[in-house]
Amino acid sequence: MRKPPSLVYGVDERPPRSVTVLSGFQHAALISVNLIYPVIIFRVAGVSPASVAALLSIGFLVLGIATFLQANSRAGSGYMCPATFTATYLAPSILAAKAGGLPLVLGMTAFAGLVEGLVAPALHRLRAFVPVELSGLVILLIGFTAGLVAVRTMLGDMGHPPDADEWLAACIALAATVLLNIWGRGLARMVCALIGMAVGYVFAALTGVLTAEDFAAIAGASWLAFPALHIPSWSFDFGLAAAFAIAALAAAMKALGTLTVCQRTNDADWVRPDQARNFRGVVADSAGTILSAGLGGVGINTSTPSVGLASATGVASRTIAYATGAIFLGLALTPKIAAVLAVMPRPVMAATLLFSACFIVINGLQVVTSRLLDSRRTLVIGMGLLAGAAVEAVPAIAAGATEGTRAVLGSSLVFGTVVAFLLNLAFRLGVRQRVTLAIDPAAYDPAQVEGFLRKQGGMWGARADVVNRAIFGASQLVEAAIEHGQAEGGLELEASFDEFNLEIRLRYRGAALAFPLARPTIAQIQEDDGARQLAGFLLRRNADRIRAEQNGAQAMVWFHFDH
Amino acid sequence: MAMEITQADQGGIPALSVSGRIDSTTAGSLQERLSELVRAGSRGLIVDLKQVAYVSSAGFRALLIAAQLGESSRCTLVLCGIAGEVRRMFEMGAFDQVFTILATREECAAHLAGTTAA
């Protein structure tokens, strides 16, 4: 593993104490915004403010332990990848909270943690059935439902309709967050949501949105105490299993993506994900969720913003993860902070959640559009999205569901994902994974090669950037074979795809091309043979792997692109 | 998509706007056009590749030969409008370190005005 020049402290390095402490607090502040998720779920479950505070202290404890677990190279991935509460489990947890209170939330969360751990070894293979654009749809639906929870929180889903002060508090908290996010710099920008929450709290305190009862709850909390650990009761509902299983799969995929970012951040020569470390990382993530459910908390996941911050600051040492974990453990011993969070005014919750939901939605859209989408895939994503939206917009769909169909029709996340998954399976029929194009050198039209690969890329749902590389490679190869390989008769271009690999083969009668390792000099390029040498060099640089064979008069060139 | 070349004047400097593909079938005519302008005695030459979708080895060779010819005739070749896939192709062949590449024609004209004044 070679450290990239942009990285100041790699995963195995030890930064000075001052950097460790400051970075630890920065990560803890960034992650603390997500405490909004357990607060919302506990409120919907009807948990009293005092109990919410106690559960949040336990939540800090869980985040601390899970962060330690992930940073350990034997138990977890060994990377600086702290744990956080997540929007992924928000919608299913709210369904569980409404249906069966806290015991059902905890039981279903434990189930989700178990599912995440079970799918961990098979995640790599699942890509064929859950392609990237479908993962993007799941993220999109998570953001969509989180945004709706924000709106419903504000509009009185959890009590009386908002008054003028509450509307103003929400607008001020949202405005502060957005202003810092767009025009802020450095640390202020990174923790803009936390500052926005603080501004909302201050306004709520000044206008009476935070009541005397809330202040009494904060005043009554001690500064230092061990969290009150107890074995909570769990319950299980088969009707919610699909919702939690899909959320668990989304959490596992997100953990996989975050851990891959960690690897890329730390290794300048990174080529492909380290499956063993990813497996340990996803298992550690699932263990964190099971631990959380066991102690009375909600689902957790790896913190993508935190990993992004590590990459941006160049401080990706696992020592920082240990510092962040220690800060969480310290917060678990400070009930006063948990009490402040437990009385979070709903305008603050709504504003923060709305802000976060916007980014989750766009993140999902970006993942969806990173793939070429033909008509089939457009329908898969479009139908899935509209199916999810229909459940939220037409309550009669869920209300009219039978006992057997409620598991699917009762949740926008589940219904949208199931519709897209089934359509994806159906549309896979008839899509050939290996296709060929016959090329007549006498009537060669470059648009033919580009159109062929772009159309196939859309049918396969291949990544747009990889297809662009394949188009350049195939076009340059055919051109060079005709010009310099003296291809006689027809050429056969073959493309094959299997979700992990995109391969191109060109067969023709003529001389095989050479692929020099170094670029020919400027003087060499200007010679008669220059374009051929340069073509060979560009083709080598363009593909991840390349091979040429000469078998009698027959030549074959093979390109491989990692996908 | 065939290649098309249109010529305009950018602050007294000839500016060629190229569109389409620069490959083995079109590189020859681009090289010829560039050479004509160099031989006509221009002190600088702007080549705008904003509308270009693909440059093959033959295209890079044509641009290099024109740049070398310009150098021997004290005519500086400056490229602009290189983005997306075409930029990737330039970077892949390390041609971004061989040619002077600027963002816009205006920047190219200002650069050439400074070069010729010096």
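Within the set A:Val466, A:Val449, A:Val478, the sole residue that is in contact with a His (Cβ under 7 Å, 6 or more places away or on another chain) and assigned by TED's automatic domain parsing to the domain that holds A:Trp558 turns out to be A:Val466.
Might you check whether a residue that is in the same structural domain as A:Ala96 (by TED's automatic domain parsing) and either in a loop (DSSP other than H, G, I, E, B) or among the hydroxyl-bearing types (Ser, Thr, Tyr) (or both) occurs anywhere in segment A:239-255? Within segment A:239-255 (the criterion being in the same structural domain as A:Ala96 (by TED's automatic domain parsing) and either in a loop (DSSP other than H, G, I, E, B) or among the hydroxyl-bearing types (Ser, Thr, Tyr) (or both)), the answer is no, since none of the residues qualifies. The residues in segment A:533-552 that are more than 7 Å from chain B (Cβ to nearest Cβ), within 15 Å of A:Tyr508 (Cβ to Cβ) and surrounded by 17 or more Cβ atoms within 10 Å (Cβ to Cβ) can be counted, and the count is 2.
Residue-level check: of (1) assigned to a helix (DSSP H, G or I); (2) of a type in the set (Val, Ile, Thr); (3) farther than 24 Å from A:Leu372 by Cα; (4) more than 9 Å from chain B (Cβ to nearest Cβ), A:Val467 misses just (3). The set of residues from segment A:264-323 being surrounded by fewer than 24 Cβ atoms within 10 Å (Cβ to Cβ) and part of a loop (DSSP other than H, G, I, E, B) comprises A:Asp267, A:Ala268, A:Asp269, A:Trp270, A:Val271, A:Arg272, A:Pro273, A:Asp274, A:Gly314.
Of the residues A:Phe561, A:Phe500, A:Phe515, the single one that is of a type in the set (Phe, Trp, Tyr), in contact with a Gly (Cβ under 6 Å, 6 or more places away or on another chain) and more than 10 Å from every other protein chain (Cβ to nearest Cβ) is A:Phe515.
Here is a yes/no grid of residues against (1) touching a Lys or Arg at 6+ places or on another chain (Cβ under 7 Å); (2) crowded, with 18+ Cβ neighbours inside 10 Å; (3) under 19 Å from A:Val138 (Cα atoms):
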{"residue": "A:Gly404", "(1), (2), (3)": "no, no, no"}
{"residue": "A:Ser412", "(1), (2), (3)": "no, yes, yes"}
{"residue": "A:Leu423", "(1), (2), (3)": "no, yes, yes"}
{"residue": "A:Gln448", "(1), (2), (3)": "no, no, no"}
{"residue": "A:Ala462", "(1), (2), (3)": "yes, yes, yes"}
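Taking every residue in segment B:1-20 that is within 14 Å of another protein chain (Cβ to nearest Cβ) and pairing it with any residue that is among the basic types (Lys, Arg) and not in a loop (DSSP other than H, G, I, E, B), at least 6 positions away or on another chain, the pairs with Cβ-Cβ distances below 8 Å are B:Met1/B:Arg21; B:Ala2/B:Arg21; B:Met3/B:Arg21.
Those residues that are β-branched (Val, Ile, Thr), within 13 Å of chain A (Cβ to nearest Cβ) and more than 19 Å from A:Gly473 (Cα to Cα), I need them from segment B:74-98; list them, please. I'd like the intermediate steps shown before the answer.
Taking segment B:74-98 and keeping what is β-branched (Val, Ile, Thr), we get B:76, B:78, B:82, B:86, B:98.
Within this subset, residues satisfying the condition of being within 13 Å of chain A (Cβ to nearest Cβ) are B:86, B:98.
Hit for segment B:74-98 is B:Val98, nothing else.
Just one of (1) surrounded by 18 or more Cβ atoms within 10 Å (Cβ to Cβ); (2) at positive phi fails for A:Gly208. It is (1). Filtering A:Arg541, A:Arg454 for residues that are basic (Lys, Arg), under 19 Å from B:Phe60 (Cα atoms), in a helix (DSSP H, G or I) and touching a helix residue (DSSP H, G or I) at 6+ places or on another chain (Cβ under 8 Å) leaves a single hit, A:Arg541. Residues that are over 21 Å from A:Glu488 (Cα atoms), touching a Phe, Trp or Tyr at 6+ places or on another chain (Cβ under 8 Å) and of a type in the set (D, E, K, R) within segment A:522-555 comprise A:Arg540, A:Asp544, A:Arg545, listed in sequence order.
Consider segment A:68-94 and keep the residues that are of a type in the set (Ser, Thr, Tyr) and in contact with a Cys (Cβ under 9 Å, 6 or more places away or on another chain). The one that is surrounded by the fewest Cβ atoms within 10 Å (Cβ to Cβ) is A:Tyr79.
The values are calculated or read from the model by the stated rules, or taken from the named source; none is laboratory data. In this text the structure is predicted, and so the values were computed from the model without any measurement. Quick reminder, even Gly has a Cβ in these numbers, built from the backbone with ideal geometry, and neighbours come from all protein chains shown.
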